[in-house]
Amino acid sequence: MSDIEALLEELRSLPATRVAGADDLEARLATVKSAAGRWADVLYEIQESAQGLVGPRAEAALEVAFRRAEESYVELEIALSDCGRRTGH
């Protein structure tokens with residue numbers, strides 16, 4: 001199974017329901033943060049391997065996609081950290 005397929009499987013396994021409480025939120029954030037980190041890694045590798053193979057617009061788009069994924073990971077890390085402080089974990 002490829003990294004992308006594993007990531008998609010991980011995301012599909014997340015319940016599409018509201019969290020049941022603070023502990024559930026913290027657990028779900030941890031899973032989503034992990035998936036966001038993996039996605040950023042995948043996009044980084046694609047961006048790096050695409051250099052010279054695609055035009056400048058595609059290179060710029062891939063760079064923006066990677067940066068946004070990386071920012072998403074950081075924001076989720078902040079949310080998880082704050083959630084942990086509130087619940088004492």
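The values are calculated or read from the model by the stated rules, or taken from the named source; none is laboratory data. Note that the coordinates shown come from a computational prediction; the quantities given were computed from them, not determined experimentally. Heads up, the Cβs are rebuilt from the backbone with ideal geometry, glycines too, and the neighbour counts pull from every protein chain shown. Ligands, DNA and RNA are excluded from the accessible area calculation, which covers all protein heavy atoms including side chains. Shrake-Rupley method; radii C 1.70, N 1.55, O 1.52, S 1.80 Å.
Data table
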read-out	value
Residues satisfying the stated conditions in the range 1-11, i.e. open to solvent by 80 Å² or more (accessible area, probe 1.4 Å) and either closer than 15 Å to Ala36 by Cβ or part of a loop (DSSP other than H, G, I, E, B) (or both)	Met1, Asp3
Sole exception among (1) part of a helix (DSSP H, G or I); (2) over 16 Å from Ile4 (Cβ atoms); (3) free of Cβ contacts under 8 Å to residues at least 40 places away in the same chain; (4) open to solvent by 80 Å² or more (accessible area, probe 1.4 Å) for Ser81, by number	(4)
Odd one out for Tyr44 among (1) under 29 Å from Ser13 (Cβ atoms); (2) at pLDDT below 95; (3) open to solvent by 60 Å² or more (accessible area, probe 1.4 Å); (4) not small (Gly, Ala, Ser)	(2)
Index of the failed condition, Val19 passing every other in (1) open to solvent by less than 70 Å² (accessible area, probe 1.4 Å); (2) assigned to a helix (DSSP H, G or I)	(2)
Residue satisfying all of: in the range 55-73; of a type in the set (A, V, I, L, M) and surrounded by 14 or more Cβ atoms within 10 Å (Cβ to Cβ); nearest to Ala35 (Cα to Cα) among these	Ala69
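Here is a yes/no grid of residues against (1) assigned to a helix (DSSP H, G or I); (2) surrounded by 13 or more Cβ atoms within 10 Å (Cβ to Cβ); (3) aliphatic (A, V, I, L, M):
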residue: Leu25; (1), (2), (3): yes, yes, yes
residue: Ala30; (1), (2), (3): yes, yes, yes
residue: Trp39; (1), (2), (3): yes, yes, no
residue: Glu48; (1), (2), (3): yes, no, no
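Quick grid of which residues meet (1) closer than 13 Å to Leu80 by Cα; (2) hydrophobic (A, V, I, L, M, F, W, C):
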{"site": "Asp3", "(1), (2)": "no, no"}
{"site": "Glu9", "(1), (2)": "no, no"}
{"site": "Arg12", "(1), (2)": "no, no"}
{"site": "Thr31", "(1), (2)": "yes, no"}
{"site": "Ser34", "(1), (2)": "yes, no"}
{"site": "Leu43", "(1), (2)": "no, yes"}
{"site": "Glu48", "(1), (2)": "no, no"}
{"site": "Gly52", "(1), (2)": "no, no"}
